[in-house]
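Derivation of every value follows stated rules applied to the coordinates shown; laboratory data play no part. These numbers come from a predicted model, not from an experiment. For neighbour counting, all protein chains shown are included, and Cβ atoms are generated from backbone atoms with ideal geometry for every residue, glycine included.
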Amino acid sequence: MLRSLIVLDTEVDPLWRRHLPAPTNTAGDDSADHKRIIIDLKSPPSPFRRPHYNDPVNWRRWLCEHHIEQLHCYLPGRKAPLLLAAAPKDTEIILHLTAYITPEALRRLKLLRSCVKQFICVGRFIAAPLLKANFNPERITVEIPPVWAPRPGITRRQLLRRQIKKDKTGPLILALSRPRHAAALKPVVWAAALLGHALRDFTLLVAGPGDPIVQQRLQRWQKTMDAVGTIYHDPQTFAFDDLVSACDAVVAGPGPFHEVIRLLHARAQEQYIVTCNGDSAEYLENYPKVYYASSTTPCQIAGAVMKLLKRKRDREPCPAWG
């Protein structure tokens, strides 16, 4: 029986767990009735389930004991490459590249390309650095996963909105970037600070896990930008699809694009999208609800959001937005 191992590296968005090759199984279950095992490297290792990622000798032994014939690895991250290097020669390795490839990540991929059978990229902008680095084009595939995210009913959306905004009734905008991606998030926060002075009860929602350093950074930005109370951080209290449905629009920041799966979920719900990121354009072709900022500055991002909100207000009058 073919047994496959699916590895999620440390920087992979949790939403990707909903788009893994099926059938799937929880990590460490060695039942013969299952063909696939999932391992998330963000979870702590267990001596009864898997070795530590810095232990290649035991990793090789573990892969052999579980008769792993096919290894799917979702990147980006820094822990999985060592695991891949420890895999037996007869193990078929397939890499799923889910975000922008940094120069550091490209160097690691160059070291691994001889043992990887196939590179599956979720966008042309991800495949481009591999082709430029003379990777074999026959081993590079561009596959955008189909996303089905049903939009909750209006009652559910209103309830979620009240839970997030409490007694505020103004616009609610969702930042597409996770808190860890400061370069893409900071211009969006600056834009929210400008909008907070122009619109009553404006709120920017930042969704995703954040350690104390991330929390301190968000608080520092709010004080520096005179935007205290404008930013609301949700550390995965609500499902991402619920947050998308509750907000008025989502905003993709500039810089290297890491949030492909989040953008696809926002599009699947037919939500309004504001972007200044060129890499996101290939996912928004012929999409009627997208607004492009003319540049990556906070002023232009804020202007695009204002334009969107004005059109929504003209269609659905709301005095609190004035």
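General observations
- Relative contact order (percent, whole number), the range 117-212, Cα cutoff 8 Å, 6+ residue spacing: 24
- Full-extension gain in nm, residue 107 to residue 200, via 0.36 nm per residue minus C-alpha separation: 28.7 nm
- Linear extension gain, residue 166 paired with residue 228, 0.36 nm per residue minus alpha-carbon span: 20.7 nm
- Amide H within-cut-off set for residue 249, under 5 Å, with H built and near neighbours excluded: 174
- Applied to the range 284-293, the Karplus parametrisation 6.51 cos²θ - 1.76 cosθ + 1.60 on θ = phi - 60° returns per-residue 3J(HN,Hα) values of 10, 5, 6, 9, x, 9, 10, 10, 9, 6 Hz, with x for Gly and Pro.
- Residue-span extension gain [residue 148 to residue 55] - 0.36 nm each, minus C-alpha spacing: 29.7 nm
- Exposure proxy ranking, count of Cβ atoms within 10 Å, fewest first, for 247, 299: 299, 247
- Cα-based helix-to-principal-axis angle, 56-65 vs the chain, degrees rounded to 10: 70
- Distance between modelled label sites at residue 20 and residue 35, nm, 7 Å Cα→Cβ extension: 1.6
- Most fluctuating residue given options 59, 16, 148, as computed from a GNM of the chain linking Cα atoms under 10 Å: 148
- Simple spin-label estimate for residue 85 and residue 67 in nanometres, 7 Å along Cα-Cβ: 3.0
- The Cα center of the range 210-240 and the Cα center of the range 103-177 differ in position by 22 Å.
- The chain: most fluctuating residue of 228, 305, 189 per GNM, C-alpha cutoff 10 Å: 228
- Ascending count of other beta-carbon atoms within 10 Å, so fewest first, for 11, 104: 104, 11
- As a length-normalised measure over Cα pairs under 8 Å and 6 or more apart, the relative contact order of the range 3-142 settles at 22 percent.
- Only Cα pairs under 8 Å and 6+ residues apart enter the sum, and on that basis the relative contact order of the chain stands at 14 percent.
- Estimated D of the range 154-321 in µm² per second, where Rh is the Kirkwood radius over Cα pairs and Stokes-Einstein applies at 37 °C, 0.692 mPa s: 208
- Normalised by residue number, the volume inside the convex hull of the Cα atoms of the range 3-142 is 105 Å³ per residue.
- Sequence ranges 177-186, 250-259, ranked by mean other-Cβ count within 10 angstrom, highest first: 250-259, 177-186
- Most mobile listed residue (261, 213, 126) in the chain, GNM with C-alpha springs under 10 Å: 213
- Only helices enter this figure: runs of n ≥ 4 DSSP H residues, each worth -39500 (n - 2.57), summed and divided by the residues of the chain, yield -10500 deg cm²/dmol at 222 nm to the nearest 500.
- For the chain, the alpha carbon convex hull comes to 149 Å³ per residue, rounded to a whole number.
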